[in-house]
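Okay, structure first, notes after.
None of the figures in this text is laboratory data; all of them are computed from the coordinates on show. All values reported here derive from a predicted model rather than from experimental measurement. Neighbour counts run over all protein chains shown; Cβ positions are idealised from the backbone, glycine included.
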Amino acid sequence: MQIFINDSAFEVPEKASAEQALVTFGAKPPFALAVNGQFVAQGQYQHLALQDGDRLDILSPIQGG
Amino acid sequence: MSDKLTIYGQEFSSRLLIGSALYPSPKCMHEAILASDSEIVTVSLRRQNSRAGGDDFWQLIKDTGLTVLPNTAGCHSVQEVLTLAQMCREVFATDWIKLELIGDDYNLQPDPVALLDAAEQLLARGFKVLPYCTDDLVICQRLAALGCEVIMPWAAPIGTGKGILNPYALQSIRERLPHVTLIVDAGLGVPSHACQAMELGADAVLLNSAIAGANDPVLMAKAFANATLAGRQSYLAGPMAVKSTAVPSTPTLGMPVWHQFNE
């Protein structure tokens, strides 16, 4: 199935977990995850089964005012 | 004399909060932050692999050992704020959140109505909310009534450097909310603006562009630190009363006699 991570398309197995998606993307700590605009806590990565078309945002620290 | 800035029970010696964005280089950012004597630095979150930021930036901030204040800059809805705030809490390991919720893209003015909703929901989720708002007294009162111990009205729109557009409004907020920690955020351009904010009774100022955009950000950081302290000392000292007519400062008693003959 196809998911989108930070607006780029990725192919992952059916019912892939959020954790698998993070590995596919190559996410580097520190980061936080949102799926379809909803925050997903670290402890949920293994248990959250993704669905086709899900949109993931992986965010990391940046300068801010 | 102990004169501490209090933010949700934590005490700080510096009354200047500094942003980490827009500097010519990470090295310059680091030096300017240190030169400012600030103890609190603002940060944010963006998509990984985006051009700005990265590991080097975050390591530099961590190495300062300063308190970080993450923001929700760029959010246009309550849901966006809630999601980004929770992500910030996890990454930065702090309950503090600088609540930014933009209502108008032209002047980046906070949405006062949605801001109240967002603040209420963040407080209910255990966040210590520092809301960036306009200088509307009633909005500030409502935010305080919700439980915000810190209120951060703007001086002028973000990044304009115009200084305090409405001193009366800020003074009114100070007078009507004497127990709230009042931090003037955004729109300050030069150190005298920070000094004025402190003289009006602000507990602190938060700024970024005015330092990062200076020709010499490190020197400007020092200037803002001095101005902020001067304004605070002026407020505590209590200024003289303004008069409408001239009053001589040198005693008139004992004037020499020739003065009378010259008239």
For B:Ala186, distant residues with modelled amide H under 5 Å away
B:Ala155, B:Leu206
I need the phi-derived Karplus couplings for segment A:44-61: 6.51 cos²θ - 1.76 cosθ + 1.60, θ = phi - 60°, integer Hz, Gly and Pro marked x.
9, 4, 5, 9, 7, 8, 7, 10, 4, x, 4, 10, 10, 10, 10, 10, 10, x
With bins of 10 Å, the percent of all Cα-Cα pairs of chain B per bin from 0 is 7, 29, 34, 17, 5, 4, 3, 1, 0
What shape does segment A:2-59 take by its C-alpha gyration tensor, where a ≥ b ≥ c are the square roots of the eigenvalues and a/c under 1.5 counts as rounded, a/b above b/c as prolate, and the rest as oblate?
rounded
Using the Karplus equation 6.51 cos²θ - 1.76 cosθ + 1.60 (θ = phi - 60°), what ³J(HN,Hα) coupling, rounded to whole Hz, does each residue of segment B:62-71 give in order, writing x for Gly and Pro?
4, 5, 5, x, 7, 6, 9, 10, x, 10
Ranked highest first by average number of other Cβ atoms within 10 Å, how do B:174-181, A:34-41, B:37-44 line up?
B:37-44, A:34-41, B:174-181
Quick one: 3J(HN,Hα) in Hz for segment B:153-163, Karplus 6.51/-1.76/1.60 with θ = phi - 60°, rounded, Gly and Pro as x.
x, 7, 8, 7, x, 3, x, 7, x, 6, x
Mind listing the long-range amide H neighbours of B:Glu39? Cut-off is under 5 Å, sequence gap 5 or more, other chains count too, H placed in the peptide plane at 1.01 Å from N.
B:Ser14, B:Leu16
Share of antiparallel DSSP beta bridges in segment B:100-215, in percent to the nearest 5?
20
Counting each DSSP H run of 4 or more residues in chain B as -39500 (n - 2.57), what helix-only mean residue ellipticity at 222 nm follows after dividing by all residues, to the nearest 500 deg cm²/dmol?
-12000 deg cm²/dmol
Given the options B:Gly201, B:Phe92, B:Pro217, identify the residue whose Cα lies farthest towards the positive end of the charge dipole of the protein assembly as shown (+1 on Cβ of Lys, Arg; -1 on Cβ of Asp, Glu).
B:Gly201
Can you compute the helix-only [θ] at 222 nm over chain A? Use -39500 (n - 2.57) per DSSP H run of at least 4 residues, normalise by all residues, nearest 500 deg cm²/dmol.
-3500 deg cm²/dmol
What share of the DSSP beta bridges in the protein assembly as shown is antiparallel, in percent to the nearest 5?
50
Amide H of B:Arg46 versus every other amide H placed in the peptide plane: which residues, excluding those fewer than 5 positions away on the same chain, fall under 5 Å?
A:Ser60, A:Ile62
Taking 8 Å as the Cα distance limit and 6 or more residues as the minimum spacing, I'd like the relative contact order of chain B as a percentage.
18
Using alpha-carbon pairs under 8 Å, 6+ residues apart, how would you state the relative contact order of segment A:2-59 in percent?
50
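Antiparallel DSSP bridges in chain A: what percent, to the nearest 5?
Once the DSSP bridges in chain A are tallied, antiparallel ones form about 85 percent.
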Determine Rg/Rh for segment B:140-262; Rg is computed over alpha-carbon atoms and Rh is the Kirkwood hydrodynamic estimate from the same atoms.
1.19
Only four residue types carry charge here, +1 at the Cβ of Lys and Arg and -1 at the Cβ of Asp and Glu. Report the dipole size of segment A:2-59 about the Cα centre in Debye, rounded to the nearest 20.
180
What does the charge dipole of the protein assembly as shown about its Cα centre add up to, to the nearest 20 debye, if the Cβ of each Lys and Arg holds +1 and the Cβ of each Asp and Glu holds -1?
560
Lysines near A:Lys28 by alpha-carbon distance under 26 Å, same-chain residues fewer than 8 away left out - which ones?
A:Lys15, B:Lys27, B:Lys62, B:Lys98
